[in-house]
Amino acid sequence: MTIPSTRRPVCMIVHAYYEEDSRVRREAESLVARGRPVDVFSLRRDGDAPTGVVDGVRVHRLDVQRHQGASLPVYLREYLAFLVRASWAATRANRRRHYAVVQVHSLPDFLVFAGLPLRLMGVPLVLDLHEAMPEFFRMRFPGASRPAAHRLLLIQERLSIGLASAVLTVNEALSGRLVDLGVAADKITVLLNSPSLARFDPAAHPRREFRADGTVRLVYAGALTPIYELDVAVTAVARLKERRSDLPVVLDVFGRGDSEPALRDLARELGVEDSVRFHGRIPIEEVPAAIAAADIGLAPTRRDPFTDFSLSTKIFEYGAMGKPAVASRLPMVERTFPAGSVVAYEAGDADALADAVLGLVDDPSARERAVTTTLDRVRELSWDREADKLARLIDRLDRDGRSDGLS
């Protein structure tokens, strides 16, 4: 239930389609629920209205679209076009709305400069670092990962952080990376990407017993991009069918991205096109039901210097819905979840992924232990706790930030 507001609003700027960005939505909705109005300036999908209200959040959709899977020059033009439009729109809106704080979500980090006019007017500026941008670009664009380009990315990161009054990031590893780069620890707040347990509530959906229809139903809900090694997951389905022909296995994939054509081709090549089903992207509101209808959730992620700092939100979502999770063995997975919870496999190894699935199928006690242990951990790290941290930060900046000069 939304609390009637007497507080000044927060301005959020995000280079994403607001309805599709779970972190931004959680943050915005939690502030609104605590009595803090929120205006979001985001990308605009074809057919969307320029403005609207989504669960109490005022959304301004600027006429810029995402070119997923495009070349680096196209990305840069898109980023700069959105930065200019967002800066102009937010500055104009501030005349009426008198924002308490402007919060800019990365990527890209330099989008924080969209908030520069408001910062010069005395409005505190928060940079929410969803990723480590230098490492992300090194992974996503290998051809642009030369030392000079990497140094430029590090420079823009430092300049962006320097402009901000405060920095948010998604886990302790990324926080530690920033401290190692020289950012003051007291400038950083870690806000985990844990799901809202009100949205991911297994009691709100029909309960599926494990293999209720005799089929092992695997689920993946997320982006179809090279970061996530869904090719390994598709290959693992083929391995499972080879090794256990008596065990029906289906992988339901919910999401979109530039990897989809290659994944469809791989499924056909391996003869598992009937067992790997691509459903396209579904609204965030429908993700819990998709997970509830499955037996095991997959969080396959490639291992590289970028993903060494990452922790998949999907693991939290599967755990919240009472499903065992199989994930790549990454540092943050092992650091966050205790032994006996998430089942980890060596990234890139389809046979290891197949073994992890079979271990859950063949050992009911281990499976139940994984479900219980993961759910306990997810509850410990619930979004309600994280939302309170965000609200306290915004309140403090609203109270004290007007006297905060550029530093």
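The values are calculated or read from the model by the stated rules, or taken from the named source; none is laboratory data. This one's a predicted model, so the numbers in the text were calculated from it and none came from an experiment. Counting neighbours? That spans all protein chains shown, and the Cβs are built from the backbone with ideal geometry, glycine included. With ligands, DNA and RNA removed, areas are computed over all heavy atoms of the protein, side chains included. Shrake-Rupley method; radii C 1.70, N 1.55, O 1.52, S 1.80 Å.
List pairs: first in the range 83-110 and hydroxyl-bearing (Ser, Thr, Tyr) and modelled with pLDDT of 95 or more, second part of a helix (DSSP H, G or I) and open to solvent by less than 10 Å² (accessible area, probe 1.4 Å), Cβ under 6 Å, 6+ apart or cross-chain?
87/114
Restricting attention to the range 198-224, which residues are in contact with a strand residue (DSSP E or B) (Cβ under 7 Å, 6 or more places away or on another chain) and open to solvent by 40 Å² or more (accessible area, probe 1.4 Å)?
Answer for the range 198-224, where residues must be in contact with a strand residue (DSSP E or B) (Cβ under 7 Å, 6 or more places away or on another chain) and open to solvent by 40 Å² or more (accessible area, probe 1.4 Å): just 217.
When you look at residue 307, is it out of contact with any His (no Cβ under 8 Å at 6 or more places or on another chain), at pLDDT below 95 and open to solvent by less than 10 Å² (accessible area, probe 1.4 Å), yes or no?
It is true that residue 307 is out of contact with any His (no Cβ under 8 Å at 6 or more places or on another chain), at pLDDT below 95 and open to solvent by less than 10 Å² (accessible area, probe 1.4 Å).
I'd like the residue in the range 166-197 that is touching a helix residue (DSSP H, G or I) at 6+ places or on another chain (Cβ under 6 Å) and among the hydroxyl-bearing types (Ser, Thr, Tyr) and, out of all such residues, is surrounded by the most Cβ atoms within 10 Å (Cβ to Cβ).
For the range 166-197, the residue satisfying everything is 194.
Determine if the range 153-163 includes at least one residue that is more than 19 Å from residue 79 (Cα to Cα) and either touching a residue at least 12 places away in the same chain (Cβ under 8 Å) or not in a loop (DSSP other than H, G, I, E, B) (or both).
yes
Show the residue pairs meeting these rules: Cβ distance below 6 Å; 6+ apart or different chains; first residue within the range 243-263 and under 21 Å from residue 282 (Cβ atoms); second residue modelled with pLDDT under 95 and of a type in the set (D, E, K, R).
What qualifies is 255/281; 256/281.
Which one of these is among the β-branched types (Val, Ile, Thr) and more than 30 Å from residue 295 (Cβ to Cβ): 170, 249, 179?
179
For the range 1-27, enumerate the residues that are assigned to a loop (DSSP other than H, G, I, E, B) and either at pLDDT below 95 or open to solvent by 20 Å² or more (accessible area, probe 1.4 Å) (or both).
1, 2, 3, 4, 5, 6, 7, 8, 16, 17, 21
Which helices (runs of 4 or more DSSP H) sit wholly inside the range 45-147 and have at least 2 residues that are open to solvent by 20 Å² or more (accessible area, probe 1.4 Å), farther than 25 Å from residue 191 by Cβ and among the basic types (Lys, Arg)?
72-97
Here's the yes/no breakdown for (1) closer than 21 Å to residue 344 by Cβ; (2) part of a helix (DSSP H, G or I):
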| position | (1), (2) |
| --- | --- |
| 179 | no, yes |
| 183 | no, no |
| 213 | no, no |
| 234 | yes, yes |
| 241 | no, yes |
| 251 | yes, no |
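Applying the selection to the range 164-177, what residues are within 17 Å of residue 309 (Cα to Cα) and not in a helix (DSSP H, G or I)?
Across the range 164-177, the qualifying residues are 167, 168, 169, 170, 171.
When you go through 270, 298 one by one, which is the residue that is modelled with pLDDT of 95 or more and closer than 14 Å to residue 229 by Cα?
Answer to the check: 298.
Based on this model, can you work out whether residue 281 counts as in contact (Cβ under 8 Å) with a residue 40 or more places away in the chain and among the basic types (Lys, Arg)?
yes
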